[in-house]
Amino acid sequence: MNEIADFVNSGIRLTTPILFAALASMISARAGVLNLAIESKVLAGAFVGILVAGATGNNLLGVASAAAAGALIGLLLAAAHRLGVDLVVLAIGLNILVLQLTVYLMRSYLGGVGTYSPGIDRIPPVVVPVLSDLPVVDQVLARLNWIVYLGGALVVLVALYFRTRSGRHLLAVGEAPVAAASAGLDVGRTQLVALVAAGAIAGVGGAFLSVGDLGLFTRNMSGDRGWIGITAALLALNRPAFVAPAAAVFGFASAASIRLQQFDVPPNLTQFIPQGAAFIALVVVGLRAKSRRDVSRLWRRSSRIPLRWPGRRPSTPVPTPVGTVHDAPPAPPDHSDR
Amino acid sequence: MSRTPLALAAVAAAAALTLLAGCSSGGPATPGSTDAGAFSYALITPGAAGDGGFIDSAIAGTKLAEKQLGVTGRVVEAESVSQQEGVIRSTVATHPGIIIAPGLDPDSLLAVAKENPDQLFGVPSDIYVDELPKNVQAFSINVHESSFLGGYVAGSLTTTKKVGAVLGIDNPGLNQFFYGYKQGVLAACPDCEVTPSYLNGEFSDPSVGQEAALALYQGGDDIVFAVAGLSGQGVFTAAKQEGEFAIGVDSNQDGDAPGTVIVSVMKRVDQTTYNLIKAAQAGEFESGFVAAGLADGVSGLSWGDGSTVFADHGPAALAEQIPALSAKVDDLKQQILDGSIVVCDALNDPTSDACAALGLKG
């Protein structure tokens, strides 16, 4: 029983950064933007978070700065999107840039080269009244700080948001940008807000790693969690209801690969678990997408949507500019057949 | 139409920034051989400085050589395997006296070495190939004996009679650490239990290292040997949280978590780097493999280097045992060197009796 409680506890901690990344990916995807820069946002969040927490001694400020750093990258992405830059290329560039920039800054200004450890206290675990006194439950809840609970709360908030008027607008922009634009929605602004929010969320996920969980920063400490988050969001079909379970698949697979070794399960087998989970997840997504083309369509299309109308491609029909939908002059009647 | 130049400018700016970051990670390079006549070296590393392990150690070795031998040279970083061949070639073109190449892709290195028979190459730490060209000298540092000493320390200090190890991956190179360690633990405490935990090749993910160590501490282990590169930092944070202890690896990590890291099992890549440069400068370069270990001073415990971090910062109950234990470790070292203790070498001789006794299936 104790082992199971410890396993769940470890799984929750390993899931948390993946959940934040998955939420970021989901929000971007639902707004119709293929966001592959999540890895860089997580890493930037981890770095800026610990930097500010170390400098000010205030962990909350650190987490807030991490969110700001992620949001800034989101803003950069949105600005580039508006200019018509290919976001896939930009995202790959950003991922490399942030990785090298953190190493460079660490080396140039922080003395430490591979590891930066400002000696801060990690964010203390939350003590939940009553629950933390129960026998097994207290073990499950041990060592979970408020960022973990924030992740859970965000899932609910995003789910609720998608049901509000403004959330519906975001979904409409993602599903059918042309229709949304002709209905008077500001596609560019909606996507900008979505990208900034996604960046902030991914940044907090990074802060969980550095400020929340370890109290130190190491080179490339995001460890592909941004990419795993994107996979988790895909597995969840970009739906809020499934995003936490999908992220948990990866977090718990990682925990299982660590914990099962204590029970004489051969390490070769346990080490396959995370990769195996990712593989199975992608197969499931592929099969789903084949039967219901929505997911893949959303993703394929998202990097091609021109943001401002009229589009420049002659092959696409030129939609009416936003805002002039209703007062556009009627097309001149065609008399050629008369 | 005005958007096209703007978009291009944005892409160009991003590209320039990326390049800038890439170049600036060129690191603490001292300006090339300015001193005419002085012997020069070039160190090509397979990653950025700051791994806290063999790369930093190799750089320290070159610094020592600069100070002691008056040589000059520079450090070149080749971040990925795909860059390495190009970097090696361009380094050869600058004609340094010797090229030090720790941990590079063996195929690229040996291919370039064969094409340039007049250029000397030195590999300060393991290269897993069968034979070397005439112009390459390679050290292989054996750590099983020093891990035995580390294990003996763990076995002597454990109060729960359970100790563990977090290893980056399940391969013979890291198992050389583990089985030496295990044998050392059992030598001090025959009824102790030694548990390994492998990390699936994650050498730079302290979060996973922390979870693995937590699992061990929760299972009752009170000392964990961290053999996992940067992931090992997570072992130290887990040990600090739980009020337990850890053992460091590769370089002297005693100071990474003072009072928590008891001792470090060191792989003295700095020493082999220094030796290579020294030999090449003196014209005593010899091609082929050089096996080195505890006997040559290229592997050993941080205590042997005079590290007293744990004795100074550790809890009194443990710290007061350190002087006696340190003397005992020196005694054991002598016994290993004179052959009265044979330590399992899981890398070079996994079928030996010593290994079979530890349950290693060769």
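The values are calculated or read from the model by the stated rules, or taken from the named source; none is laboratory data. Note that the coordinates shown come from a computational prediction; the quantities given were computed from them, not determined experimentally. FYI the Cβ positions are ideal-geometry reconstructions off the backbone, even for glycines, and counts take in every protein chain you see.
Report whether or not B:Ser264 is touching a residue at least 12 places away in the same chain (Cβ under 8 Å) and surrounded by 13 or more Cβ atoms within 10 Å (Cβ to Cβ). Outline the logic, then answer.
Values: touching a residue at least 12 places away in the same chain (Cβ under 8 Å): yes; surrounded by 13 or more Cβ atoms within 10 Å (Cβ to Cβ): yes.
Spelling it out, B:Ser264 is indeed touching a residue at least 12 places away in the same chain (Cβ under 8 Å) and surrounded by 13 or more Cβ atoms within 10 Å (Cβ to Cβ).
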Output the residue which, of all residues in segment B:98-109 that are part of a loop (DSSP other than H, G, I, E, B) and not charged (D, E, K, R), is surrounded by the most Cβ atoms within 10 Å (Cβ to Cβ).
B:Ala101
Based on this model, can you work out whether B:Leu337 counts as surrounded by 15 or more Cβ atoms within 10 Å (Cβ to Cβ) and either on the phi > 0 side of the Ramachandran plot or touching a residue at least 12 places away in the same chain (Cβ under 8 Å) (or both)?
no
The condition from (1) facing chain B (nearest Cβ under 10 Å); (2) over 12 Å from A:Thr218 (Cα atoms); (3) among the hydroxyl-bearing types (Ser, Thr, Tyr) that A:Thr102 misses is numbered (2)
Do we have any residue at all in segment B:209-219 that's touching a residue at least 60 places away in the same chain (Cβ under 8 Å), in a helix (DSSP H, G or I), in contact with a Lys or Arg (Cβ under 9 Å, 6 or more places away or on another chain) and of a type outside the set (D, E, K, R)?
no
Within segment A:77-99, which residues are within 9 Å of chain B (Cβ to nearest Cβ) and among the hydrophobic types (A, V, I, L, M, F, W, C)?
A:Ala79, A:Ala80, A:Leu83, A:Val85, A:Val89, A:Leu90, A:Leu94, A:Ile96, A:Leu97, A:Val98, A:Leu99
Name the residue that is surrounded by the most Cβ atoms within 10 Å (Cβ to Cβ), counting only residues in segment A:59-117 that are in contact with a helix residue (DSSP H, G or I) (Cβ under 7 Å, 6 or more places away or on another chain) and part of a loop (DSSP other than H, G, I, E, B).
A:Gly114
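Yes or no, residue by residue, for (1) part of a helix (DSSP H, G or I); (2) at pLDDT below 85; (3) within 13 Å of the chain's Cα centre (by Cα); (4) of a type in the set (Gly, Ala, Ser):
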{"residue": "A:Ser222", "(1), (2), (3), (4)": "no, no, yes, yes"}
{"residue": "A:Trp227", "(1), (2), (3), (4)": "yes, no, yes, no"}
{"residue": "A:Pro245", "(1), (2), (3), (4)": "yes, no, no, no"}
{"residue": "A:Ala248", "(1), (2), (3), (4)": "yes, no, no, yes"}
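Just checking, does segment B:265-272 include any residue being farther than 28 Å from B:Gln68 by Cα and not hydroxyl-bearing (Ser, Thr, Tyr)? Can you show your working first?
First, the residues of segment B:265-272 that are farther than 28 Å from B:Gln68 by Cα: none.
Checked segment B:265-272: no residue is farther than 28 Å from B:Gln68 by Cα and not hydroxyl-bearing (Ser, Thr, Tyr).
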Just one listed residue, out of B:Gly37, B:Gly73, B:Gly86, is away from every other protein chain (no Cβ under 14 Å), out of contact with any helix residue (DSSP H, G or I) (no Cβ under 6 Å at 6 or more places or on another chain), under 23 Å from B:Val298 (Cβ atoms) and at pLDDT 50 or above, and it is B:Gly73
Consider A:Arg122 against the criteria (1) touching a residue at least 24 places away in the same chain (Cβ under 8 Å); (2) in a helix (DSSP H, G or I); (3) over 25 Å from A:Val173 (Cα atoms): it satisfies all of them except one. Which criterion is unmet?
(2)
Do we have A:Val8 as of a type in the set (A, V, I, L, M), crowded, with 23+ Cβ neighbours inside 10 Å and within 14 Å of another protein chain (Cβ to nearest Cβ) here?
no
Which pairs have Cβ atoms under 6 Å, sit 6 or more apart or on different chains, and link a residue in segment B:37-52 that is more than 22 Å from B:Ser80 (Cα to Cα) and of a type in the set (S, T, N, Q) to one that is at pLDDT 90 or above and not in a strand (DSSP E or B)?
B:Ser40/B:Pro96; B:Ser40/B:Gly97
Here are the criteria: (1) touching a residue at least 12 places away in the same chain (Cβ under 8 Å); (2) more than 16 Å from B:Ser156 (Cα to Cα). Tell me which single one B:Asp222 does not satisfy.
(2)
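For the condition at negative phi and either touching a Phe, Trp or Tyr at 6+ places or on another chain (Cβ under 9 Å) or not hydroxyl-bearing (Ser, Thr, Tyr) (or both), what is the one hit in A:Gly205, A:Gly215? Lay out the reasoning, then the answer.
Values: A:Gly215 fails: at negative phi.
Going through A:Gly205, A:Gly215 in turn, the sole match is A:Gly205.
Are any of the residues in segment B:289-307 polar (S, T, N, Q), part of a helix (DSSP H, G or I), surrounded by 21 or more Cβ atoms within 10 Å (Cβ to Cβ) and in the same structural domain as B:Pro133 (by TED's automatic domain parsing)? Break it down into steps so the answer makes sense when it comes.
Keep residues of segment B:289-307 that are polar (S, T, N, Q), which gives B:299, B:302, B:307.
Those still in the list that are part of a helix (DSSP H, G or I) too: B:302.
From what is left, the residues that are surrounded by 21 or more Cβ atoms within 10 Å (Cβ to Cβ) are B:302.
Checking which are in the same structural domain as B:Pro133 (by TED's automatic domain parsing) leaves us with none.
No: segment B:289-307 contains no residue that is polar (S, T, N, Q), part of a helix (DSSP H, G or I), surrounded by 21 or more Cβ atoms within 10 Å (Cβ to Cβ) and in the same structural domain as B:Pro133 (by TED's automatic domain parsing).
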Of those in segment B:209-252 that are at the interface with another protein chain (Cβ under 8 Å from one of its Cβ atoms) and surrounded by fewer than 24 Cβ atoms within 10 Å (Cβ to Cβ), the residue nearest to the chain's Cα centre (by Cα) is B:Gln241
Condition set surrounded by fewer than 24 Cβ atoms within 10 Å (Cβ to Cβ) and among the acidic types (Asp, Glu), scope segment B:110-164, selection modelled with the lowest pLDDT: answer is B:Asp126
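Can you pull out the residues in segment B:67-80 that are under 21 Å from A:Leu97 (Cβ atoms) and hydrophobic (A, V, I, L, M, F, W, C)? Give the derivation first.
Of all residues in segment B:67-80, those under 21 Å from A:Leu97 (Cβ atoms) come to B:77-80.
B:Ala78, the sole residue that qualifies.
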Restricting to segment A:112-124, give me the number of residues that are of a type outside the set (Ser, Thr, Tyr) and facing chain B (nearest Cβ under 10 Å).
4
Inside segment A:228-262, can you point out the residues that are within 29 Å of B:Gly219 (Cβ to Cβ) and free of Cβ contacts under 8 Å to residues at least 60 places away in the same chain?
A:Pro245, A:Val249, A:Ala253, A:Ser257, A:Leu260, A:Gln261
Give the residue, chosen from B:Glu131, B:Glu202, that is assigned to a loop (DSSP other than H, G, I, E, B) and away from chain A (no Cβ under 11 Å).
B:Glu131
Select, from A:Leu160, A:Leu150, the only residue that is at pLDDT 90 or above, out of contact with any helix residue (DSSP H, G or I) (no Cβ under 6 Å at 6 or more places or on another chain) and surrounded by 15 or more Cβ atoms within 10 Å (Cβ to Cβ).
A:Leu150
Residue list for segment B:189-199, filter: buried (at least 24 other Cβ atoms within 10 Å of the Cβ) and either facing another protein chain (nearest Cβ under 7 Å) or of a type in the set (Lys, Arg) (or both)
B:Ser197, B:Tyr198
Given the structure, is A:Ala46 crowded, with 24+ Cβ neighbours inside 10 Å and either in contact with a strand residue (DSSP E or B) (Cβ under 6 Å, 6 or more places away or on another chain) or within 14 Å of chain B (Cβ to nearest Cβ) (or both)?
yes
